[in-house]
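Engineer: Before I ask anything, here is the structure I am working with.
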Amino acid sequence: MSDPTEANTTPSAAEPARSTGGGPGGRHARVVLVDDHRMFRTGVQAEIGRTDETGVEVVGEAADVDQAVTVITATRPEVVLLDVHLPGGGGVEVLRRCAPLMADAERPVRFLALSVSDAAEDVIGVIRGGARGYVTKTITGADLIDSVFRVQEGDAVFSPRLAGFVLDAFASTDAPPVDEDLDRLTQREREVLRLIARGYAYKEIAKQLFISVKTVESHVSAVLRKLQLSNRHELTRWATARRLV
């Protein structure tokens, strides 16, 4: 059983204070860590929580479902790093109880699953529950920081080998044989679209297609504009529905 004293929240009031600090480029994200292993939380905090360097401010921690809901409600972070297997019902239960916070149009709390498990049922379960992405604990510190900011911006983030689980689970069976929206995209834009939908980062796409990161960004902007989508998450769902991946 988890020790209730493990719950840690920086603000004392329900309305959290907004920090003006930030990392390179002025980026700043308030994050809560939810994991039942204190040593792992300590390691993540040490790796990504150097706010002046990374832009990530860890504003709270929790070791089980009840603690997580309490801390997340009190601190209202932009991103929650959520383990899948937790005492009290698991990550899916945290997502269920925090659904109103995720649905807040002005200040949504977004969740990124961070787990040792790469089982399809775990991945699909938390994504159906509302998480924006799923990465395994083998991820590097730099990639985790990047993932936090991508989720903060509304993107979908997956470890590349896990994206297929989600794409299969959400695949639609009634995609039209002729798609006028898809026809608006160039061949290169379609290639970028597929890789984005598979969970690749911009740097990985640039390397695979032998183009610059800036060119990747330009293609993504063009795809979003042509398809009238707002972010990578919507783009991934759009591509999945058409079985483009």
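The values are calculated or read from the model by the stated rules, or taken from the named source; none is laboratory data. Since the structure is predicted, the reported quantities are computational estimates derived from the model, not experimental observations. FYI the Cβ positions are ideal-geometry reconstructions off the backbone, even for glycines, and counts take in every protein chain you see. Ligands, DNA and RNA are excluded from the accessible area calculation, which covers all protein heavy atoms including side chains. Shrake-Rupley method; radii C 1.70, N 1.55, O 1.52, S 1.80 Å.
Engineer: Would you list Tyr134, Tyr202 from the most to the least accessible area, probe 1.4 Å?
Structural biologist: Details: Tyr134 0, Tyr202 60 Å².
These residues rank, largest area first, as Tyr202, Tyr134.
Engineer: Within the range 198-241, find all residues whose amide N lies under 11 Å from a label point positioned 7 Å from the Cα of Asp143 along Cα-to-beta-carbon.
Structural biologist: 200-201, 204, by backbone N distance to the label point.
Engineer: Where the accessible area of the range 29-171 is counted over protein heavy atoms with a 1.4 Å probe, how much of it, in %, is carbon and sulfur?
Structural biologist: On the way: 2880 of 5490 Å².
The nonpolar share, carbon plus sulfur, comes to 52 percent.
Engineer: Right, next: Over the range 44-102, what is the relative contact order in percent, taking alpha-carbon pairs closer than 8 angstrom and at least six residues apart? Walk me through the numbers on the way to the answer.
Structural biologist: Values: 50 pairs, mean separation 16.3, N = 59.
Relative contact order comes out at 28 percent.
Engineer: For the full complex of protein chains and a 1.4 angstrom probe, list Ser218, Ser115, Ser159 by accessible area with the highest value first. Before the final figure, lay out each step's value.
Structural biologist: Working: Ser218 70, Ser115 0, Ser159 20 Å².
Sorted by accessible area, descending: Ser218, Ser159, Ser115.
Engineer: Averaged per residue, what accessible surface does the range 35-103 expose to a 1.4 Å probe, in Å²? Kindly include the intermediate steps, with their values, before the conclusion.
Structural biologist: Numbers: 2800 Å² over 69 residues.
In whole numbers, the range 35-103 has 41 Å² accessible per residue.
Engineer: What relative contact order, as a whole-number percentage, does the range 180-242 give when Cα pairs under 8 Å and 6 or more residues apart are counted? Kindly include the intermediate steps, with their values, before the conclusion.
Structural biologist: Values: 46 pairs, mean separation 25.4, N = 63.
Across the range 180-242, relative contact order equals 40 percent.
Engineer: Note down the net charge around Val116, summing +1 for each Lys or Arg and -1 for each Asp or Glu among other residues with Cβ under 12 Å from its Cβ. Don't skip to the end; give the middle numbers.
Structural biologist: Details: positive: Lys137; negative: Asp35, Asp36, Asp83, Asp118, Asp122.
The answer is -4.
Engineer: Rounded if a/c is under 1.5, else prolate if a/b is larger than b/c, else oblate: which is the range 29-171, with a ≥ b ≥ c the root eigenvalues of its Cα gyration tensor? If you can, show how the numbers build up before the last one.
Structural biologist: Numbers: a/c = 1.29, a/b = 1.16, b/c = 1.12.
Verdict is rounded for the range 29-171.
Engineer: Right, another one. Ordered by residue, what ³J(HN,Hα) values in Hz, to whole numbers, does the range 81-86 give under the Karplus form 6.51 cos²θ - 1.76 cosθ + 1.60, where θ = phi - 60° and Gly and Pro are x?
Structural biologist: Rounded to whole hertz, the list is 8, 10, 6, 7, 9, 9.
Engineer: Once fully extended, how much extra length lies between Phe210 and Gln187, figured as 0.36 nm per residue of separation less the alpha-carbon to alpha-carbon distance?
Structural biologist: On the way: separation 23, 0.36 × 23 = 8.28 nm, distance 1.48 nm.
Contour length minus the Cα-Cα distance gives 6.8 nm.
Engineer: Between Leu244 and Asp104, how many nm apart are label points set 7 Å from Cα along the C-beta direction?
Structural biologist: Here the answer is 3.3 nm between the modelled labels.
Engineer: Could you derive backbone 3J(HN,Hα) for the range 103-115 from the dihedral phi with the Karplus parameters 6.51, -1.76 and 1.60 (θ = phi - 60°), listing whole Hz in sequence and x where the residue is Gly or Pro?
Structural biologist: 8, 5, 5, 8, 9, x, 8, 10, 10, 10, 6, 10, 9
Engineer: Follow-up question, since we're still on this one. Cα gyration tensor of the range 193-245, axes a ≥ b ≥ c as square roots of the eigenvalues: rounded (a/c below 1.5), prolate (a/b > b/c) or oblate?
Structural biologist: It is oblate, given that a/c is not under 1.5 and a/b is not larger than b/c.
Engineer: Taking a cut-off of 18 Å between Cα atoms, list the aspartates and glutamates near Lys203, but don't count ones fewer than 8 places away on the same chain.
Structural biologist: Straight-distance partners of Lys203: Asp143, Asp146, Glu153, Asp155, Glu189, Glu191, Glu217.
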